[in-house]
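Colleague: Here you go, one structure.
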Amino acid sequence: MEFLDKIILPQSAEHIELLHYMMILVLSIFIPFISIIFGGTFLSVYYGSKFKKNNNTHYKIYSKDIIESVTVNNAVGVILGIVPLLTSIFIFAQLLDQSKINTVNYLILAFIFILIALIMIYTYRYSVTFNFIFNSVNDNDLNDSVVKEELNKIKISSSHLNNRYGKLGFAFLFLGMWFFVTGITSAELFTTWDISSIITAMFAPSVLLKFITFICMAFTITAADILFIHLYWNENKNDENPDYRKFLKNNASKLGLRFGIPLPILIAINLFSLSDKNLSGSIFIFSFLAILLLFLSYHFFFMLEVKNDYRFSSIIFITLILASISLIIKDEKAIGNATRQHSLVLSTEYDKILAELKGEGSVTAALSGKEIYDVRCASCHRFDRKLVGPAYFDVLPQFVGKQAQLVAFIRNPVKVNPAFPPMPNPGLKPQEAEAVAKYLLDEFAKRNK
Ligand code: HEC
């Protein structure tokens, strides 16, 4: 994306950290919202056609109730759907700046599809309401045959329109979310991801696993949302129709449990699909928390059924939103771990630009690479044997051809090998770090001949 490259500059380490927090915030808004739209659109279309087949009015009301409760109104679609998605694209563009990975392209594709989907789904939502109104006009009350005929025409065409927008909207959302998941997964597997074709990427096992997890989570949260809105929030709305209320409660509870039960297993498998190097304690903690919250939600679904106390519907909803946020934090941590090295490269670049702006850049390092090595590194490192730190022959091969990453490490050492203590920051200036890195790589190439 050329135009993004132009407006995006390498960022300072502090700024990159801030971007990670922003990403958690933005995705915690976007994912629960889009999950509910995803599940709700599918269910509403599904029950709409079910009504056409067997004329059970419960299905008709259910189809309308679902889509009305998940879409709320147009402004919500923009605020909770479009804005966070766009923001996340900019965040990823900054985090992954100067890398060859396709994450941002996948996300832009996702954005286009999801935007079209939302427009269609909101159109569908209003057409469902109109349809409902047209259909409740009883043509036996009309005695003018011309009006009767017109009314029937409108009924039919509005019902076609409604069906088409609902189905197409869902299809676009399905593809859009698939692209989105592909983008997120590629960032999570940043260090090992080498797939360039989008089709291969979309069918990568790790992407499919994540997409299935998303779908299950989406239907579980949608079920919780339906229960919450209709049993708790609009408590009195269906008072005159207790039959329907019972239908809604049983239907949504069953749905929630059916899609909720496989989730812990899917989350556990996902943990194993991450490379060991990028696993960390917080990833386990947030995965575990999500699983714990899911088990709690099963319990509350059960209580709703047994005790028939509708207040449980709000607790189920909150529990599941929290589970979803735990999963988002877990994913974000995985992305942070996978891109840590790359972030160091970027922040080093930033320091260099800053140094140049301050007028320090043109001055070459006062000491040569060898001098810096002798004074600052040799106390802990030799090429051929380990002292306090590892032998360079053991650790330099991974940096061959990657001087920027070596510079980044020297300027900001991170914990690498548990067999060694962490390396203290030698506090070198950008040019000094560059000089010593170049010296080490040159020496390494010479001695390795
Ligand atoms: C006080 C001792 C000490 C000094 C001084 C020191 N290092 Fe290290 N270095 C270590 C230790 C310990 C490790 C292993 C850290 C780990 O694995 O977490 C290490 C690891 C490394 C690695 C391997 C990183 C990796 O990804 O495996 C490189 C490269 C390195 N140091 C370069 C340097 C350079 C260049 C200097 C001088 C500017 C330097 N070190 C100064 C102790 C030191």
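Colleague: Of all residues in segment 28-39, which are more than 14 Å from residue 168 (Cα to Cα) and either within 14 Å of the chain's Cα centre (by Cα) or open to solvent by less than 10 Å² (accessible area, probe 1.4 Å) (or both)?
Modeller: Of segment 28-39, the ones more than 14 Å from residue 168 (Cα to Cα) are 28-36, 39.
The answer is 28, 29, 30, 31, 32, 33, 34, 35, 39.
Colleague: What's the number of the condition residue 196 fails, among (1) of a type in the set (Gly, Ala, Ser); (2) within 17 Å of residue 102 (Cβ to Cβ); (3) under 16 Å from the mean Cα position of the chain (by Cα)?
Modeller: Against the list (1) of a type in the set (Gly, Ala, Ser); (2) within 17 Å of residue 102 (Cβ to Cβ); (3) under 16 Å from the mean Cα position of the chain (by Cα), residue 196 comes up short only on (3).
Colleague: Let me ask another. Inside segment 399-422, can you point out the residues that are near the ligand (Cβ under 9 Å from one of its atoms) and surrounded by fewer than 16 Cβ atoms within 10 Å (Cβ to Cβ)?
Modeller: Hits for segment 399-422 are 413, 414, 415, 416, 417, 418, 419, 420, 421, 422.
A quick yes/no check of all residues on (1) closer than 28 Å to residue 33 by Cβ; (2) modelled with pLDDT under 90; (3) touching a Phe, Trp or Tyr at 6+ places or on another chain (Cβ under 8 Å); (4) in a loop (DSSP other than H, G, I, E, B):
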| residue | (1), (2), (3), (4) |
| --- | --- |
| 155 | no, yes, yes, no |
| 167 | yes, no, no, no |
| 177 | yes, no, yes, no |
| 194 | no, yes, no, yes |
| 231 | yes, yes, yes, no |
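Colleague: Go through 63, 99, 88 for me and flag whichever is small (Gly, Ala, Ser), touching a residue at least 24 places away in the same chain (Cβ under 8 Å) and not in a helix (DSSP H, G or I). Don't jump to the end; show me each part of the working.
Modeller: Details: 63 fails: not in a helix (DSSP H, G or I); 88 fails: not in a helix (DSSP H, G or I).
One residue alone meets the criteria, 99.
Colleague: Checking the condition surrounded by fewer than 21 Cβ atoms within 10 Å (Cβ to Cβ), away from the ligand (no atom under 11 Å from the Cβ) and among the β-branched types (Val, Ile, Thr), which residue from 328, 335, 291 passes?
Modeller: On the way: 328 fails: surrounded by fewer than 21 Cβ atoms within 10 Å (Cβ to Cβ); 335 fails: surrounded by fewer than 21 Cβ atoms within 10 Å (Cβ to Cβ).
Of the residues listed, the single one that is surrounded by fewer than 21 Cβ atoms within 10 Å (Cβ to Cβ), away from the ligand (no atom under 11 Å from the Cβ) and among the β-branched types (Val, Ile, Thr) is 291.
Colleague: Same structure, new question: Mind counting the residues in segment 69-96 that are open to solvent by 20 Å² or more (accessible area, probe 1.4 Å) and either touching a His at 6+ places or on another chain (Cβ under 9 Å) or modelled with pLDDT under 85 (or both)?
Modeller: Taking segment 69-96 first, the residues open to solvent by 20 Å² or more (accessible area, probe 1.4 Å) are 72-76, 78-80, 82-83, 86-87, 90, 94.
Pick out the ones that are also either touching a His at 6+ places or on another chain (Cβ under 9 Å) or modelled with pLDDT under 85 (or both) and you get 72-76, 78-79, 94.
Qualifying residue count for the region: 8.
Colleague: Now a separate question. Tell me, please, whether a residue that is in contact with a Pro (Cβ under 7 Å, 6 or more places away or on another chain), under 30 Å from residue 191 (Cα atoms) and open to solvent by less than 70 Å² (accessible area, probe 1.4 Å) can be found in segment 102-111.
Modeller: In the first step, residues of segment 102-111 are kept if they are in contact with a Pro (Cβ under 7 Å, 6 or more places away or on another chain); the result is none.
For segment 102-111, residues in contact with a Pro (Cβ under 7 Å, 6 or more places away or on another chain), under 30 Å from residue 191 (Cα atoms) and open to solvent by less than 70 Å² (accessible area, probe 1.4 Å): absent.
Colleague: Let me ask something else about it. Tell me yes or no: at least one residue of segment 126-141 is under 29 Å from the mean Cα position of the chain (by Cα), in a helix (DSSP H, G or I) and in the same structural domain as residue 212 (by TED's automatic domain parsing).
Modeller: Yes.
Colleague: I've got another one for you. Filter segment 408-435 down to the residues that are polar (S, T, N, Q) and in contact with a helix residue (DSSP H, G or I) (Cβ under 8 Å, 6 or more places away or on another chain), then identify the one that is modelled with the highest pLDDT.
Modeller: Step one: filter segment 408-435 for residues polar (S, T, N, Q), giving 412, 417, 425, 431.
The next check asks that each one be in contact with a helix residue (DSSP H, G or I) (Cβ under 8 Å, 6 or more places away or on another chain); those that pass are 412, 425, 431.
Values: 412: 85, 425: 89, 431: 83.
Once the filter is applied, the top-ranked residue is 425.
Colleague: Is there any pair linking a residue in segment 406-417 that is under 18 Å from residue 430 (Cβ atoms) and aliphatic (A, V, I, L, M) to one that is more than 6 Å from the ligand (Cβ to nearest atom) and open to solvent by 30 Å² or more (accessible area, probe 1.4 Å), with Cβ under 6 Å and at least six apart or on different chains, and which?
Modeller: From residues that are under 18 Å from residue 430 (Cβ atoms) and aliphatic (A, V, I, L, M), the pairs are 407/434.
Colleague: What pairs come out if I take residues in segment 261-282 that are of a type in the set (Ser, Thr, Tyr) and pair them with residues that are open to solvent by 40 Å² or more (accessible area, probe 1.4 Å) whose C-beta lies under 6 Å away, six or more apart or interchain?
Modeller: From segment 261-282, the pairs are 275/192; 282/333.
Colleague: Name every residue in segment 387-396 that is touching a residue at least 12 places away in the same chain (Cβ under 8 Å) and more than 6 Å from the ligand (Cβ to nearest atom), in order of residue number.
Modeller: Within segment 387-396, 392, 393, 396 meet the criteria.
Colleague: Residues in segment 391-437 that are within 20 Å of residue 371 (Cα to Cα) and touching a strand residue (DSSP E or B) at 6+ places or on another chain (Cβ under 8 Å): how many?
Modeller: Of the residues in segment 391-437, 2 are within 20 Å of residue 371 (Cα to Cα) and touching a strand residue (DSSP E or B) at 6+ places or on another chain (Cβ under 8 Å).
Colleague: Could we say that residue 283 is at pLDDT 95 or above, within 30 Å of residue 223 (Cβ to Cβ) and open to solvent by less than 40 Å² (accessible area, probe 1.4 Å) here?
Modeller: Values: at pLDDT 95 or above: no; within 30 Å of residue 223 (Cβ to Cβ): yes; open to solvent by less than 40 Å² (accessible area, probe 1.4 Å): yes.
Here the answer is no, as residue 283 does not meet what is asked.
Colleague: Check segment 134-151 and report whether any residue there is touching an Asp or Glu at 6+ places or on another chain (Cβ under 9 Å), modelled with pLDDT under 80 and open to solvent by less than 60 Å² (accessible area, probe 1.4 Å).
Modeller: Yes, segment 134-151 has at least one match.
Colleague: Can you confirm whether residue 44 is crowded, with 24+ Cβ neighbours inside 10 Å, assigned to a helix (DSSP H, G or I) and modelled with pLDDT under 95? Write out each step before concluding.
Modeller: Values: crowded, with 24+ Cβ neighbours inside 10 Å: yes; assigned to a helix (DSSP H, G or I): yes; modelled with pLDDT under 95: yes.
Here the answer is yes, as residue 44 does meet what is asked.
The values are calculated or read from the model by the stated rules, or taken from the named source; none is laboratory data. None of these values were measured; they are calculated from a predicted model. Please note: Cβ atoms are built from the backbone with ideal geometry, for glycine as well, and neighbour counts cover all protein chains shown. Keep in mind that these areas ignore ligands, DNA and RNA; they rest on the heavy atoms of the full protein, side chains included. Shrake-Rupley method; radii C 1.70, N 1.55, O 1.52, S 1.80 Å.
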